[in-house]
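One structure below.
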Amino acid sequence: KYGDEYVSELSIDPENLTLYRAVGCDACANTGYSGRTPIHELLTASTPVKNLITQKKSVAELRNLAVQEGMRTLRQDGIAKILHGDTDLVQVRRSCAG
């Protein structure tokens, strides 16, 4: 879920995108992947986040606050890595089911 407000953080030209897909070869045993590219989601325990946790607020409220504070979701990090050519949509969808 990357809206216009986040595109600048990706350091890409949205008018000139190339999306890649895995193509196999002998070196990768025909998988199209070499090594691993992790995608991450890191929740920083700021004071407002800690307050929501101690107040037993919903996961949705906690997530919304974390995103407002600058957290990149797992899906957003995956999309960024797709757009930079580090992985493809198949792998990100596999990691971010739902």
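The values are calculated or read from the model by the stated rules, or taken from the named source; none is laboratory data. These numbers come from a predicted model, not from an experiment. Here Cβ is always computed from backbone atoms with ideal geometry, including for glycine, and neighbour counts include all displayed protein chains. Heavy atoms of the whole protein, side chains included, go into the accessibility calculation; ligands, DNA and RNA do not. Shrake-Rupley method; radii C 1.70, N 1.55, O 1.52, S 1.80 Å.
Each residue of segment 23-31 was assigned a 3J(HN,Hα) from its phi angle through the Karplus curve 6.51 cos²θ - 1.76 cosθ + 1.60 (θ = phi - 60°); the sequence is 10, x, 7, 4, 5, 10, 6, 6, 8 Hz, with glycine and proline shown as x. Taking the average, over residues, of other Cβ atoms within 10 Å as the packing measure, peptides 36-42, 68-74 rank 68-74, 36-42 from highest down.
Ligands, DNA and RNA aside, S46 has an accessible area near 30 Å² when probed at 1.4 Å. Each pair of Cα atoms in the chain enters the Kirkwood radius, and Stokes-Einstein at 20 °C and 1.002 mPa s then converts it into a translational diffusion coefficient of 138 µm²/s. Just to confirm my numbers, what's the Cα centroid distance between segment 7-39 and segment 45-74 in Å? Centre-to-centre distance over Cα atoms comes out at 31 Å.
The portion of the accessible surface of the chain made up by carbon and sulfur, rounded to a whole percent, is 50 (1.4 Å probe; DNA, RNA and ligands excluded).
With a cut-off of 14 Å between beta carbons, the residues surrounding N51 carry a summed charge of +1, where Lys and Arg count +1 and Asp and Glu -1. Relative contact order, whole percent, for the chain stands at 34, derived from Cα pairs under 8 Å and 6 or more residues apart. What does the helix-only formula give at 222 nm for the chain: each DSSP H stretch with n ≥ 4 adding -39500 (n - 2.57), the total divided by the residues, and the result rounded to the nearest 500 deg cm²/dmol? The per-residue figure over the chain is -10000 deg cm²/dmol. Net charge of the neighbourhood of D86, taken over other residues with C-beta under 14 Å away and scored Lys/Arg +1, Asp/Glu -1, is +1.
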